[in-house]
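The values are calculated or read from the model by the stated rules, or taken from the named source; none is laboratory data. Quick caveat: nothing in here was measured; it's all calculated off a predicted structure. Every residue, glycine as well, gets a Cβ built from its backbone with ideal geometry; the counts of neighbours run over all protein chains shown.
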Amino acid sequence: MTSKNYNYHVTHFVTSAPDIRHLPGDEGIEVAFAGRSNAGKSSALNTLTNQKGLARTSKTPGRTQLINLFEVEEGIRLVDLPGYGYAEVPEEMKKKWQRALGEYLQMRNCLKGLVVLMDIRHPLKDLDQQMIQWAVDVGTPVLVLLTKADKLASGARKAQLNMVREAVLPFMGDIQVEAFSSPKKIGVDKLSQKLNTWFNEIPPEVLRKTISAGNDTRCGYFVGAPHATPNEPMLRHRLFYARYHTARGHISLSNYNFD
């Protein structure tokens, strides 16, 4: 099978939605970008796509208030999720973001990978670790981007990178950690390579045929296909995990404190 290198520079905005009920059909492949309100998610998306205004940026943390979808090509999407952290917004608005983020991550079955962004100078805050733990628990691979890497000298940057790589080992998940800087374009190649890997898990020609036929491609499992793909257990586990923790009142993203 030949892997495809996607052209992220042609990425375009699709829609903004307050929750998953207002998103397009749950098909194709999505990779979500998550992080604290000041982690630089929007800047990373703009740098990846070489489009300054694709994702809105602001010096005020917490301006990403909706689930924003961007399409690379048919069936291939990037998702900018509401930031978590100390955004100075009314409590009711925080709760809405909280529900939207939790529902998307727990119930959006076409989610193939999660990019977690955190300031390289202040990595692995509690909510960052909770986000990574959730992904590991449901079998979703993670790319950790240590943003604002240009703020550190090369020696300090390397030390932080190695420290975080070692710190995530106990999670025992599919986790890759890279330094990233939007102004200096550090780590953009690593990001695009990882995205290509995730997006190629369903061969492009199969993805196109499946979408055009109106079949369900959630998590790479084609409903009605003669044989389930290896990702069928992941889909069942994701749904079980979400329902179990909701019913039992255990810690889940929908219960996380965004303060």
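In this structure, does Ala34 turn out to be in a loop (DSSP other than H, G, I, E, B), modelled with pLDDT of 90 or more and hydrophobic (A, V, I, L, M, F, W, C)?
no
Looking at Ala179, is it of a type in the set (A, V, I, L, M) and touching a strand residue (DSSP E or B) at 6+ places or on another chain (Cβ under 6 Å)?
In short, yes.
Looking at (1) modelled with pLDDT under 90; (2) of a type outside the set (Ser, Thr, Tyr); (3) within 17 Å of Pro141 (Cα to Cα), which one does Gln98 not meet, given that it meets all the others?
With (1) modelled with pLDDT under 90; (2) of a type outside the set (Ser, Thr, Tyr); (3) within 17 Å of Pro141 (Cα to Cα) applied to Gln98, the lone miss is (3).
Which residues, counting only those in the range 161-188, are within 18 Å of the chain's Cα centre (by Cα) and either among the charged types (D, E, K, R) or at pLDDT below 95 (or both)?
Asp174, Glu178
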